[in-house]
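A.B. asks: One structure coming up, written as structure tokens, with questions to follow.
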Amino acid sequence: MGLVLGIDVGSQSLKAVLLDEALKPLGSARRSYPIALPKPGWAEQDPALWEAALAPAIAEALSMAGRKPEDVGALGLAGQLDGCIPVARDGKVLHPCLVWMDRRADDALDAVRRRIDPATIRARTGANLDGSHMAPKILWLLDAVPKARRAALFHQPVSYLVERLTGERAIDHGLASTSLVYDLATGDWAADLLDAFDIERHRLPPLADSAAMAGRLSETG
């Protein structure tokens with residue numbers, strides 16, 4: 001299979017770890033980036049920061065191990081939960097990522113409470129109705145950011161990089177499970193929860209197993 005390259009899209013830095021076939025670490029590197037705090041309770045990040053950090057972190061990890069890019073057989077992605085990025089049909093970012101600590105969606109929760117009992121959300125998703133999760137952030141973006149209403153898709157950081165690297169759209173069940181619109185019992189996006197947040201299913205990435213191959217690296221990735 002070749003070597004495995006693990007990428008962690010963190011809140012404060014991107015980490016790259018090169019592993020051999022037995023998953024023994026051979027080299028690692030990280031590149032830091034800031035979180036923007038434009039207003040009290042707001043926290044956002046430009047996805048371009050993750051992309052700018054990716055190549056140098058990978059290059060340093062490979063150099064530390066004395067290996068070449070062609071030695072890598074697989075790349076795995078992990079990262080921060082509950083970020084929310086609206087993207088256009090062509091993949092263009094329409095607003096910076098609202099990262100997990102962003103609280104601007106708190107005021108949007110009253111409308112959701114009128115549509116569905118928070119206890120039902122808790123029972124179905126395992127998470128409390130809270131503005132830090134992805135679905136409230138989508139609701140806020142659709143209400144407050146005109147450009148975001150044109151979004152073809154709402155990504156989390158990991159699913160965003162999957163599409164940028166492969167051209168494929170996919171989010172694993174673990175990342176989706178904290179969104180407040182994922183039903184733990186069915187393992188799928190839930191129609192009634194989506195309705196409660198005014199989210200159309202086609203504007204979320206297709207679900208996939210975390211160990212599944214999302215796609216192959218594209219020429220432009």
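A.B. asks: Take residues that are farther than 30 Å from Leu5 by Cβ and tell me which of the helices (runs of 4 or more DSSP H) falling wholly in the stretch 81-180 contain 2 or more. Before you say what the answer is, go through the steps one by one.
C.D. replies: Numbers: elements: 109-115, 118-125, 134-144, 157-166, 173-176.
Where helices (runs of 4 or more DSSP H) fall fully within the stretch 81-180 and carry at least 2 residues being farther than 30 Å from Leu5 by Cβ, they are 109-115, 118-125, 134-144.
A.B. asks: His155 - would you say it is modelled with pLDDT of 95 or more and crowded, with 23+ Cβ neighbours inside 10 Å?
C.D. replies: Yes: the conditions hold for His155.
A.B. asks: Here's another thing I want to ask about it. Based on what the data block shows, is Ser28 in contact with a strand residue (DSSP E or B) (Cβ under 6 Å, 6 or more places away or on another chain) and without any contact (Cβ under 8 Å) to a residue 24 or more places away in the chain? Give the steps one after another, and end with the answer.
C.D. replies: On the way: in contact with a strand residue (DSSP E or B) (Cβ under 6 Å, 6 or more places away or on another chain): yes; without any contact (Cβ under 8 Å) to a residue 24 or more places away in the chain: no.
Taking the combined requirement at face value, the residue does not satisfy it.
A.B. asks: Kindly indicate whether Glu163 is under 27 Å from Ala211 (Cα atoms) and in contact with a helix residue (DSSP H, G or I) (Cβ under 9 Å, 6 or more places away or on another chain). Working first, answer last.
C.D. replies: Numbers: under 27 Å from Ala211 (Cα atoms): yes; in contact with a helix residue (DSSP H, G or I) (Cβ under 9 Å, 6 or more places away or on another chain): no.
Judged against the criteria, Glu163 is not a match.
A.B. asks: What is the residue count in the stretch 33-76 for residues that are open to solvent by less than 60 Å² (accessible area, probe 1.4 Å), part of a loop (DSSP other than H, G, I, E, B) and out of contact with any Leu (no Cβ under 9 Å at 6 or more places or on another chain)?
C.D. replies: Here the count works out to 2.
A.B. asks: Sticking with this one: Across the stretch 19-31, what is the total count of residues that are of a type outside the set (A, V, I, L, M) and open to solvent by less than 100 Å² (accessible area, probe 1.4 Å)?
C.D. replies: First pass over the stretch 19-31, keeping only residues of a type outside the set (A, V, I, L, M): 20-21, 24-25, 27-28, 30-31.
Among the residues that remain, those that are also open to solvent by less than 100 Å² (accessible area, probe 1.4 Å) are: 20, 25, 27-28, 31.
Matching residues across the stretch 19-31 total 5.
A.B. asks: Among the candidates Leu204, Leu217, which residue alone is touching a strand residue (DSSP E or B) at 6+ places or on another chain (Cβ under 8 Å) and either at pLDDT below 95 or β-branched (Val, Ile, Thr) (or both)?
C.D. replies: On the way: Leu204 fails: either at pLDDT below 95 or β-branched (Val, Ile, Thr) (or both).
Sole residue among the options that is touching a strand residue (DSSP E or B) at 6+ places or on another chain (Cβ under 8 Å) and either at pLDDT below 95 or β-branched (Val, Ile, Thr) (or both): Leu217.
A.B. asks: Among the residues of the stretch 77-105, write down those that are open to solvent by 60 Å² or more (accessible area, probe 1.4 Å), basic (Lys, Arg) and touching a residue at least 12 places away in the same chain (Cβ under 8 Å). Show your work before the answer.
C.D. replies: Residues of the stretch 77-105 that are open to solvent by 60 Å² or more (accessible area, probe 1.4 Å), as a first pass: 81, 89-90, 92, 100-101, 103.
Add one more test, that the residue is basic (Lys, Arg), and what stays is 89, 92, 103.
Arg89, Arg103 - these are the residues of the stretch 77-105 that are open to solvent by 60 Å² or more (accessible area, probe 1.4 Å), basic (Lys, Arg) and touching a residue at least 12 places away in the same chain (Cβ under 8 Å).
A.B. asks: What is the residue count in the stretch 82-106 for residues that are out of contact with any helix residue (DSSP H, G or I) (no Cβ under 8 Å at 6 or more places or on another chain) and more than 13 Å from Ile138 (Cα to Cα)?
C.D. replies: Going through the stretch 82-106 one residue at a time, the tally reaches 4.
The values are calculated or read from the model by the stated rules, or taken from the named source; none is laboratory data. Computed from a predicted structure; not experimentally measured. Note: ideal-geometry Cβ built from the backbone for every residue, glycine included; neighbour counts use all protein chains shown. The area values use the complete protein model at the heavy-atom level, side chains included, leaving out ligands, DNA and RNA. Shrake-Rupley method; radii C 1.70, N 1.55, O 1.52, S 1.80 Å.
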